[in-house]
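K.L.:
Below are the structure tokens for one structure; questions will follow.
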Amino acid sequence: MATPAGPVHEALAELELVDHHCHGVVAGPLDRAGFEALLTEGDRWPGVSPFDTPAGVAVRRHCAPVLDLERHAPADDYLARRAELGPPEVNRRFLAAARTGVFCVDTGFTPHRLTTPGELAAAGGGVAHEIVRLETVAEAVAARGVEAGGYADAFRAAALDAVRRPGVIGVKSVAAYRTGFELDPARPSDAEVTRAARRWLARGGRLDEPVLVRHLLWTAVDLGLPLQLHTGFGDSDIRLHQVDPSRLTDWLHLTAGTIPVLLLHCWPYQRQAAYLAAVFEQVYLDMGLTLHHVGPVRARAVLEEALEITPFRKLLYSSDAYGVAEFYALGALAFRRGLGELLQDRVDADELGLPDALRLARWAAADNARRVYRLPDGH
């Protein structure tokens with residue numbers, strides 16, 4: 001997975017990444033249907049293979065050599081070699097190729113049997129921390145049984161217990177999937193929460209009651225840890241026009257001076273996210289998930305738009321890899337290559353000094369995340 005030459009590229013290739021938002025990988029074997037399902041955020045299309053997407057092509061181009069195959073190996077050959085090596089070796093190779101030193105793992109989405117944070121870190125030769133998904137906490141509270149009038153206190157207590165577990169460094173909300181961001185930004189009253197809890201508990205299912213989603217976001221503020229928010233690109237459950245992060249502007253005004261807010265993924269709203277990072281002290285962003293889906297060829301364009309006005313202390317790296325370890329390697333490659341190209345070109349044009357470029361690369365690759373999550377140097 002060689003990157004182009006140049007001092008910025010070389011420095012980025014040597015840096016261990018802090019992946020501030022990721023997931024486990026499937027621990028067992030995957031057949032073709034299972035692997036292809038994890039290649040895409042979309043539904044399956046009869047007669048159309050997810051290998052015939054930008055992400056699928058990038059896997060065959062950049063991941064095949066990691067499995068000792070020729071570049072652009074046919075999909076059947078790729079999957080046969082993957083099965084021959086077996087999941088532990090495949091995962092080890094791709095996680096090693098990513099050169100990630102710290103994994104911040106969202107443990108709240110597990111439709112598959114995934115590696116634990118510890119297993120992921122051991123395979124990648126790094127250390128792991130946990131990100132608590134607050135909707136999962138709320139749904140567990142409901143599943144245990146709670147009266148509507150006691151929901152607020154029960155959720156708050158469960159969230160506090162969750163974030164006090166060893167290794168937890170942040171929380172996450174998937175409000176984007178549940179309600180979108182067209183929410184009243186104000187903290188809901190106790191009476192509003194009780195009425196909303198009564199409606200939700202009566203019908204059951206996942207947490208998609210707007211008042212309770214607002215309550216969850218304000219509870220995150222009270223917890224005091226960095227809050228990750230999915231924005232932009234996701235699967236078909238998303239209503240993309242409702243997850244533009246600029247819709248959070250009023251809430252960000254109300255929460256100024258409280259906790260760091262980390263906008264995940266962002267595409268196609270990377271410019272809106274950049275604006276928020278430029279005008280709100282507490283806002284940060286990444287282009288995770290996007291980078292391995294656009295691939296190394298387009299990573300620079302996406303990052304360049306994000307960095308038009310984003311303060312350099314506000315860009316973090318994440319892979320948002322889920323299920324297949326290839327996305328760890330592809331996300332890291334796309335980030336290193338895309339950021340390296342745009343910084344190196346600015347150095348070559350004398351718009352940026354080389355020492356500054358190297359410093360900015362270190363910040364985005366690892367140091368910004370260490371600062372936001374209060375991680376020690378080295379881990």
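K.L.:
Look through VAL297, VAL283, VAL279 and report the one residue that is surrounded by 24 or more Cβ atoms within 10 Å (Cβ to Cβ), among the β-branched types (Val, Ile, Thr) and over 16 Å from GLY234 (Cβ atoms).
P.N.:
VAL283
K.L.:
Within the stretch 209-242, how many residues turn out to be among the acidic types (Asp, Glu) and under 30 Å from VAL302 (Cβ atoms)?
P.N.:
2
Rundown of residues vs (1) at pLDDT below 95; (2) within 18 Å of ALA325 (Cβ to Cβ); (3) outside the structural domain of HIS112 (by TED's automatic domain parsing), yes/no style:
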| site | (1), (2), (3) |
| --- | --- |
| ALA2 | yes, no, yes |
| HIS21 | no, yes, no |
| VAL25 | no, yes, no |
| GLY47 | yes, no, yes |
| PHE51 | yes, yes, yes |
| CYS63 | no, yes, yes |
| VAL66 | no, yes, yes |
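K.L.:
So which residues in the stretch 212-258 are acidic (Asp, Glu) and touching a Pro at 6+ places or on another chain (Cβ under 7 Å), if there are any at all?
P.N.:
Hit for the stretch 212-258 is ASP250, nothing else.
K.L.:
May I ask you to list the residues in the stretch 220-238 that are small (Gly, Ala, Ser) and over 14 Å from the mean Cα position of the chain (by Cα)?
P.N.:
ALA220, GLY224, SER236
K.L.:
Can you confirm whether ILE259 is part of a loop (DSSP other than H, G, I, E, B), among the aliphatic types (A, V, I, L, M) and touching a residue at least 40 places away in the same chain (Cβ under 8 Å)?
P.N.:
no
K.L.:
When both residues are 6+ apart or on different chains and their Cβ atoms are under 7 Å apart, which pairs have a first residue that lies in the stretch 63-85 and is touching a residue at least 60 places away in the same chain (Cβ under 8 Å), and a second that is among the basic types (Lys, Arg) and in a loop (DSSP other than H, G, I, E, B)?
P.N.:
PRO65/ARG71
K.L.:
Shifting gears a bit: Which condition does ASP377 not pass, out of (1) assigned to a helix (DSSP H, G or I); (2) more than 19 Å from ALA301 (Cβ to Cβ); (3) out of contact with any strand residue (DSSP E or B) (no Cβ under 9 Å at 6 or more places or on another chain), if it passes all the others?
P.N.:
(1)
K.L.:
Related question: Identify all residues within the stretch 211-237 that are assigned to a helix (DSSP H, G or I) and of a type in the set (S, T, N, Q); write none if there are none. Don't jump to the end; show me each part of the working.
P.N.:
So in the stretch 211-237, the residues assigned to a helix (DSSP H, G or I) come out as 211-223.
Residue satisfying the conditions is THR219 alone.
K.L.:
Hey, can you tell me all the residues within the stretch 181-209 that are in a loop (DSSP other than H, G, I, E, B), under 19 Å from ASP222 (Cα atoms) and free of Cβ contacts under 8 Å to residues at least 12 places away in the same chain?
P.N.:
Here is the first cut: in the stretch 181-209, the ones in a loop (DSSP other than H, G, I, E, B) are 181-189, 204-209.
Keeping just the survivors that are under 19 Å from ASP222 (Cα atoms) gives 183-189.
Result: SER189, single match.
K.L.:
May I ask you to list the residues in the stretch 347-379 that are of a type outside the set (Gly, Ala, Ser) and buried (at least 17 other Cβ atoms within 10 Å of the Cβ)?
P.N.:
VAL347, LEU352, LEU358, LEU360, TRP363, ASP367, ASN368, ARG370, VAL372, TYR373, LEU375 - these are the residues of the stretch 347-379 that are of a type outside the set (Gly, Ala, Ser) and buried (at least 17 other Cβ atoms within 10 Å of the Cβ).
K.L.:
Any idea which of LEU225, LEU183, LEU229, LEU160 is closer than 30 Å to HIS293 by Cβ, out of contact with any strand residue (DSSP E or B) (no Cβ under 6 Å at 6 or more places or on another chain) and surrounded by 13 or more Cβ atoms within 10 Å (Cβ to Cβ)?
P.N.:
Criteria check complete, one pass: LEU183.
K.L.:
Only residues in the stretch 91-119 that are closer than 24 Å to ARG206 by Cβ and modelled with pLDDT under 95 count as the first member; pair them with residues that are charged (D, E, K, R) and surrounded by 24 or more Cβ atoms within 10 Å (Cβ to Cβ), Cβ under 8 angstrom, at least 6 apart or cross-chain, and list the lot.
P.N.:
Short answer, once both residue conditions are applied: GLY108/LYS172.
K.L.:
Additional query: Output the residue which, of all residues in the stretch 262-288 that are touching a residue at least 60 places away in the same chain (Cβ under 8 Å) and in contact with a Gly (Cβ under 9 Å, 6 or more places away or on another chain), is farthest from GLY42 (Cα to Cα).
P.N.:
LEU262
K.L.:
Only one of these is closer than 30 Å to ARG92 by Cβ and either touching a helix residue (DSSP H, G or I) at 6+ places or on another chain (Cβ under 7 Å) or part of a loop (DSSP other than H, G, I, E, B) (or both): LEU330, LEU352, LEU343. Name it.
P.N.:
Of LEU330, LEU352, LEU343, the one residue that is closer than 30 Å to ARG92 by Cβ and either touching a helix residue (DSSP H, G or I) at 6+ places or on another chain (Cβ under 7 Å) or part of a loop (DSSP other than H, G, I, E, B) (or both) is LEU330.
K.L.:
Can you name the condition, by its number, that ALA5 falls short on among (1) in contact (Cβ under 8 Å) with a residue 12 or more places away in the chain; (2) of a type outside the set (Phe, Trp, Tyr); (3) outside any helix (DSSP H, G or I)?
P.N.:
Unmet condition: (1).
K.L.:
Give the residues of the stretch 122-148 that are assigned to a loop (DSSP other than H, G, I, E, B) and closer than 23 Å to LEU95 by Cα, sorted by residue number.
P.N.:
GLY125, GLY126, listed by residue number.
The values are calculated or read from the model by the stated rules, or taken from the named source; none is laboratory data. Since the model is a prediction, treat every value here as computed from it, not as a measurement. A quick note on method: Cβ atoms are made from the backbone with ideal geometry, for glycine too, and the neighbour counts reach across all protein chains shown.
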